[in-house]
Ligand code: NI
């Protein structure tokens, strides 16, 4: 038997061994199981006679139509489909396939011209090997006194798109390189400045090594791991989180119930954690808040204009796949208390299942006080502890770590928080130079200034599918109606179309946006609503002519609202890698479609400008940013009135909070 015949036989075995109707899938939005992924890959390989040069970029659940999901009841037949993105290295062609797992056949097969799928994890490794083996690269590092390529770290940064003719159609990485002093040394302390190997990832060949001149390696180590830290502080006593009766949540496959919340989760290589069909139980009804939410894109533009730095910007969702970079989390370190972990299943570029064990963490946290009042006449004090449900994952993108946290509170509030940590991207500068576009974090070691810009897509469903969005500003009353000068009020303005809904924050007006159901009211007659409350935010610093602005136009507005469309999921388009720009939100919203009292999607952009500090080196303490969704006349009163008092002296042997009058 030839190798090809063996492969075909193996594929046939895989096809026949996975019968989704017998795999006990409990819900149409359950992520693909390892067996389903294996079967989908085998089906497409066999039915499309794929060559060995074809890589599997993404194998994920093709989500059924929203109406199918919303009308699903347990026991209904579930048709399972996989969505697959493939790249043929030999022909440089990208394909999208939909495979029916139920019918065991390729349902659609489409060539997508002129795009580059995200850079795959296997390509990271192969690119590093190709660079290290290249003679021009070895000569460039030898000029800098580096003789052992094994100590070199090659990070395959995306190339962007700068309209350069000889780059058109090539699948490129412009790699950045560092060198360790020994195998466990912190490599980012020593950038190999000015050397950019440019790699054709289809051929996995270095096509040129750009050299912008020798700058010496910075002199100082930057180590932070236990083998280097000689003295730890010794005055920390144990702090333990104890839940003697276990957690208060229930998990059924990927559905989570916690107090009045019901949340379904998924996991994709591109977005990581996805939330579906989030509802809050109010009396006898499960009231929907949103249908789907995920981190839809993020962009990290750097501010150094030097020839070897100006192309640094990364789209960590669309160019790398933030989910495929998820960590396996560790109890007691990443997460504290009674933890439930979900595994994530992705593939390597050959279509083999790769398991990310403990990819998603679920737990409860004490969060200070929820509410309190002391009636000083009756001397009755009522106070309630706040508890929140946390669903999170952490991804490592080369040097940087991002933690993505969804919080659910007892008063109906939902919060999204990004935790930024890990290691700064670094550059070397000549001795004595104080850089303008960055900060010295060690002698001759510069951390360039940059921004982290995120976009979260939320398919809203306040009390049902049809919603409208209003901008609310807190403003002073007009002079002619304001005789005492004290009057001010919350001014609501309907955003009726897509263009009208391209908005920016205004902290001086306490601006927020409310998503209302115009057909439902609370007891006082207000339409039921949630408000989107901005946290830290800013705008991109790149000017309108910058390449990164064209490619990530979503960054230029904080709020976008679109009518729901099943194929509009990514604000910078489906294939931002090396894309010239214009795809996604800027393209769809040109039609200026109506968004009033219809099925809408809210896209919120939030940004952090990072001017590095010495204290961010050698590893950066967590910085946070995000936003909140808060109920706004959604309920008739504080929904957390029924949270019971905590047991007296709970959690401590000593009474710590006795009040003396
Ligand atoms: Ni940063």
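For segment 364-396, which residues satisfy the criterion of being buried (at least 19 other Cβ atoms within 10 Å of the Cβ) and within 16 Å of the ligand (Cβ to nearest atom)?
Within segment 364-396, 394, 395 meet the criteria.
Assigned to a strand (DSSP E or B), outside the structural domain of residue 198 (by TED's automatic domain parsing), surrounded by fewer than 22 Cβ atoms within 10 Å (Cβ to Cβ) and away from the ligand (no atom under 16 Å from the Cβ), is that true of residue 350?
In short, no.
Given the conditions (1) over 15 Å from residue 353 (Cα atoms); (2) out of contact with any helix residue (DSSP H, G or I) (no Cβ under 8 Å at 6 or more places or on another chain); (3) modelled with pLDDT of 95 or more, report the number of the one that residue 80 does not fulfil.
Residue 80 satisfies all of (1) over 15 Å from residue 353 (Cα atoms); (2) out of contact with any helix residue (DSSP H, G or I) (no Cβ under 8 Å at 6 or more places or on another chain); (3) modelled with pLDDT of 95 or more except (2).
Residue 87 passes all but one of (1) in the same structural domain as residue 48 (by TED's automatic domain parsing); (2) closer than 30 Å to residue 572 by Cα; (3) over 28 Å from the mean Cα position of the chain (by Cα); which number fails?
The failed condition is (3).
From the list 501, 529, pick out the single residue that is surrounded by 18 or more Cβ atoms within 10 Å (Cβ to Cβ), part of a loop (DSSP other than H, G, I, E, B) and away from the ligand (no atom under 16 Å from the Cβ).
That would be 501, the only listed residue that is surrounded by 18 or more Cβ atoms within 10 Å (Cβ to Cβ), part of a loop (DSSP other than H, G, I, E, B) and away from the ligand (no atom under 16 Å from the Cβ).
Restrict the check to segment 360-371 and report whether at least one residue is at pLDDT 95 or above and under 23 Å from residue 399 (Cα atoms).
Step one: list which residues in segment 360-371 are at pLDDT 95 or above, which gives 360-371.
Okay, now just the ones that are also under 23 Å from residue 399 (Cα atoms), so 360-361.
Yes: one or more hits.
Quick test for you: out of 320, 291, pick the one residue that is buried (at least 18 other Cβ atoms within 10 Å of the Cβ) and farther than 26 Å from residue 549 by Cα.
Unique residue meeting the criteria: 291.
Kindly list the number of the only condition in (1) in a loop (DSSP other than H, G, I, E, B); (2) more than 21 Å from the chain's Cα centre (by Cα); (3) crowded, with 19+ Cβ neighbours inside 10 Å that fails for residue 540.
Tallying (1) in a loop (DSSP other than H, G, I, E, B); (2) more than 21 Å from the chain's Cα centre (by Cα); (3) crowded, with 19+ Cβ neighbours inside 10 Å, residue 540 fails exactly one: (2).
Within segment 504-526, how many residues are within 20 Å of residue 412 (Cα to Cα), part of a loop (DSSP other than H, G, I, E, B) and in contact with a strand residue (DSSP E or B) (Cβ under 9 Å, 6 or more places away or on another chain)?
Residues meeting the conditions: 2.
If I go through segment 224-273 residue by residue, how many of them are surrounded by fewer than 17 Cβ atoms within 10 Å (Cβ to Cβ) and over 30 Å from residue 37 (Cβ atoms)?
Here the count works out to 24.
Filtering segment 611-621 down to residues that are away from the ligand (no atom under 11 Å from the Cβ) and touching a residue at least 12 places away in the same chain (Cβ under 8 Å), which residue is nearest to residue 419 (Cα to Cα)?
Here the residue is 621.
Take the residues of segment 245-283 that are under 30 Å from residue 312 (Cα atoms) and part of a loop (DSSP other than H, G, I, E, B): which is farthest from the chain's Cα centre (by Cα)?
269
Can you confirm whether residue 486 is out of contact with any helix residue (DSSP H, G or I) (no Cβ under 8 Å at 6 or more places or on another chain), closer than 30 Å to residue 162 by Cα and either at pLDDT below 95 or outside any strand (DSSP E or B) (or both)?
no
For segment 96-119, which positions are crowded, with 17+ Cβ neighbours inside 10 Å and touching a helix residue (DSSP H, G or I) at 6+ places or on another chain (Cβ under 9 Å)?
Answer for segment 96-119, where residues must be crowded, with 17+ Cβ neighbours inside 10 Å and touching a helix residue (DSSP H, G or I) at 6+ places or on another chain (Cβ under 9 Å): 97, 99, 100, 101, 104, 106, 119.
Looking at (1) within 17 Å of residue 606 (Cα to Cα); (2) more than 16 Å from the ligand (Cβ to nearest atom), which is the one condition that is false for residue 301?
Checking residue 301 against (1) within 17 Å of residue 606 (Cα to Cα); (2) more than 16 Å from the ligand (Cβ to nearest atom), the one that fails is (2).
Inside segment 622-650, can you point out the residues that are more than 16 Å from the ligand (Cβ to nearest atom) and crowded, with 17+ Cβ neighbours inside 10 Å?
If the condition is that a residue be more than 16 Å from the ligand (Cβ to nearest atom) and crowded, with 17+ Cβ neighbours inside 10 Å, then 627, 628, 629, 630, 631, 632, 633, 634, 635, 639, 640, 643 are the ones that fit.
Which of the following residues is within 25 Å of residue 424 (Cβ to Cβ) and not assigned by TED's automatic domain parsing to the domain that holds residue 154: 197, 216, 238, 244?
Checking each option against the conditions leaves just 216.
Being part of a strand (DSSP E or B), within 16 Å of the ligand (Cβ to nearest atom) and closer than 28 Å to residue 271 by Cα is the filter here; which residues of segment 442-482 pass it?
447, 448, 450, 451, 452, 453, 454
Given (1) over 30 Å from residue 290 (Cα atoms); (2) crowded, with 21+ Cβ neighbours inside 10 Å, identify the lone condition not met by residue 59.
So residue 59 meets the others, but not (1).
Go through segment 584-610 residue by residue and tally those that are away from the ligand (no atom under 16 Å from the Cβ), in contact (Cβ under 8 Å) with a residue 40 or more places away in the chain, under 27 Å from residue 541 (Cα atoms) and not in a loop (DSSP other than H, G, I, E, B).
Of the residues in segment 584-610, 7 are away from the ligand (no atom under 16 Å from the Cβ), in contact (Cβ under 8 Å) with a residue 40 or more places away in the chain, under 27 Å from residue 541 (Cα atoms) and not in a loop (DSSP other than H, G, I, E, B).
Residue by residue, here is whether (1) under 25 Å from the mean Cα position of the chain (by Cα); (2) within 22 Å of residue 629 (Cα to Cα) holds:
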position	(1), (2)
388	yes, yes
424	yes, no
437	no, no
457	yes, yes
475	no, yes
485	no, no
489	no, yes
492	no, yes
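Picking from 210, 286, which residue would you name as being in contact with a strand residue (DSSP E or B) (Cβ under 6 Å, 6 or more places away or on another chain), surrounded by fewer than 20 Cβ atoms within 10 Å (Cβ to Cβ), part of a strand (DSSP E or B) and touching a residue at least 40 places away in the same chain (Cβ under 8 Å)?
Within the list 210, 286, the selection yields 210.
The values are calculated or read from the model by the stated rules, or taken from the named source; none is laboratory data. Just so it is clear, the structure is predicted and the values come from calculations on it, not from any experiment. Note: ideal-geometry Cβ built from the backbone for every residue, glycine included; neighbour counts use all protein chains shown.
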